[in-house]
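**Student:** I have a structure here, written as structure tokens, and I will follow up with some questions on it.
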Amino acid sequence: MAGTQAIKIKFGINKDYHIAHTLYCCEYRRFSSSEHSSSLVEFQRFVKTNYPVHYEFIVSQRPEKFLDYRTNEEFCEFFGNHLVNKLTRFFKEIARSKEFSPILSQTEDYLKFCKKQWESNYPKTLRMMEELTGLRFHSSFAVYLTHPSLRNGRNIGGNVLLWGHNEDWPNYTTIYLWHEIMHSYLGYDDLDHAIIELLVDNELRTRLNGGSYPPMIGHEHLAQLRMEILPFWEDYLKMQKKDIKKFRDSLSALNIQVKKSI
Ligand SMILES: [Zn+2]
């Protein structure tokens, strides 16, 4: 039975994480589009000039560490209370700064966009995903959004997703939220990932947007693996009653894996 709330998503912005992710992506030039680049660059310059020590510390860490650093025992023990208190004051000041304000409002607008698109695509994509996987979805996810002109897209476990990207083609956000959701159902190794790319990045995308594949969308390092799976995948798609986990297990048994190029 296709319940209307089989997948529940709660979109939110965690300001500390949002600030850390913005600085990290500006530092390592992880942009997804040049839109709003002047506010991003101005923000980065403001923090780098006025808080050089904090800036260097933040860009030296994975941004997701700042989602819960204050309550994370490991973080507090490793870095000490003094640094944790310094960071708390820093994030508070930055969140109030006029340089951060346009960034936050751009991400708030993006949150509304993502929510609207997800909700309007949800009934039909849920039906498609149930048919394609044989799964009955029952999960709630928290999605922490970051600035749309920067790159993000991760499932960090515990049904927590991190997301933010330029809308490169129609329904981009919907497709990649399903991609991240599927990591919670299939896993994270190369085979799981290549199957998710066939299932979501390619099959769900063409069902929603039209077109065909190959050529396929997905990570470059999985291109060969996707091509090896493709004939099995085409047979799978013809099946009346699909079971994506059985499909994954049958490929494992065939010992299909990435051939290491020398
Ligand atoms: Zn992935």
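**Student:** Given +1 on the Cβ of Lys and Arg, -1 on the Cβ of Asp and Glu, and no further charges, what dipole in debye does the chain carry about its Cα centre, rounded to the nearest 20?
**Tutor:** Numbers: 34 positive and 32 negative charges, 94 e Å.
Roughly 460 debye for the chain.
**Student:** Can you tell me, using C-alpha contacts under 8 Å and at least 6 residues apart, the relative contact order of the stretch 187-262 as a whole percent? If you can, show how the numbers build up before the last one.
**Tutor:** On the way: 39 pairs, mean separation 30.4, N = 76.
For the stretch 187-262, the relative contact order is 40 percent.
**Student:** So what J values fall out for the stretch 189-196 if you push phi through Karplus, 6.51 cos²θ - 1.76 cosθ + 1.60 with θ = phi - 60°, rounded to Hz, Gly and Pro as x?
**Tutor:** Once rounded to whole Hz, the list reads 7, 4, 5, 4, 5, 5, 5, 4.
**Student:** How compact and how long is the stretch 119-224, expressed as Rg and Dmax of its alpha-carbon atoms in Å?
**Tutor:** In Å, with Rg to one decimal and Dmax whole: 13.2, 35.
**Student:** Per residue, what volume in Å³ does the convex hull of the Cα atoms of the chain enclose? Can you show the working numbers first?
**Tutor:** On the way: hull volume 40.5 nm³, N = 262.
Each residue corresponds to 154 Å³ of Cα convex hull volume.
**Student:** Who wins for biggest fluctuation among 134, 210, 187 in a Gaussian network model of the chain, springs between alpha carbons below 10 Å?
**Tutor:** 210
**Student:** Still on this structure, I have one more. Across the Cα atoms of the stretch 52-187, what radius of gyration and what greatest pairwise Cα-Cα distance (Dmax) are found, in Å?
**Tutor:** Rg and Dmax of the stretch 52-187, Cα atoms, are 17.7, 53 Å.
**Student:** Let me ask something else. Going by average Cβ neighbours within 10 Å, how do the peptides 40-46, 165-171, 147-153 rank, with the highest at the top?
**Tutor:** Values: 40-46: 16.7, 165-171: 14.9, 147-153: 22.0.
Per-residue Cβ counts within 10 Å, averaged per peptide and sorted highest first, yield 147-153, 40-46, 165-171.
**Student:** With no solvent and one equal point scatterer placed on each C-alpha of the stretch 187-262, evaluate the Debye formula and give log10 I(q)/I(0) for q = 0.11, 0.14, 0.19, 0.25 Å⁻¹, two decimals.
**Tutor:** -0.26, -0.43, -0.79, -1.34
**Student:** On alpha-carbon atoms, Rg over Rh for the stretch 39-89 using Kirkwood Rh? Please report the intermediate quantities before stating the final value.
**Tutor:** On the way: Rg = 11.9 Å, Rh = 11.8 Å.
That ratio is 1.01, to two decimals.
**Student:** Also, quick follow-up: Would you mind working out the magnitude of the charge dipole of the stretch 14-102 relative to its Cα centre, with +1 at each Lys and Arg C-beta and -1 at each Asp and Glu C-beta, to the nearest 20 Debye? Kindly include the intermediate steps, with their values, before the conclusion.
**Tutor:** Numbers: 13 positive and 12 negative charges, 56 e Å.
Value, rounded to 20: 280 debye.
**Student:** Additional query: Going by the alpha-carbon gyration tensor, a ≥ b ≥ c the square roots of its eigenvalues, is the stretch 1-76 rounded (a/c under 1.5) or, if a/c is not under 1.5, prolate (a/b greater than b/c) versus oblate?
**Tutor:** Details: a/c = 3.07, a/b = 1.48, b/c = 2.07.
Oblate, since a/c reaches 1.5 and b/c is not below a/b.
**Student:** Something else: Rounded to the nearest 0.05, what FRET efficiency do residue 89 and residue 62 have when you use their Cβ-Cβ distance and R0 = 22 Å?
**Tutor:** Working: r = 22 Å, r/R0 = 0.98.
Calculated transfer efficiency: 0.50.
**Student:** While we're here: Do you know the relative contact order of the chain, to the nearest whole percent, from alpha carbon pairs under 8 angstrom that are 6+ apart?
**Tutor:** On the way: 298 pairs, mean separation 56.5, N = 262.
Relative contact order comes out at 22 percent.
Read-outs throughout are calculated quantities, based only on the coordinates presented, and are distinct from any laboratory measurement. These figures come from a predicted structure and were not determined experimentally. Please note: Cβ atoms are built from the backbone with ideal geometry, for glycine as well, and neighbour counts cover all protein chains shown.
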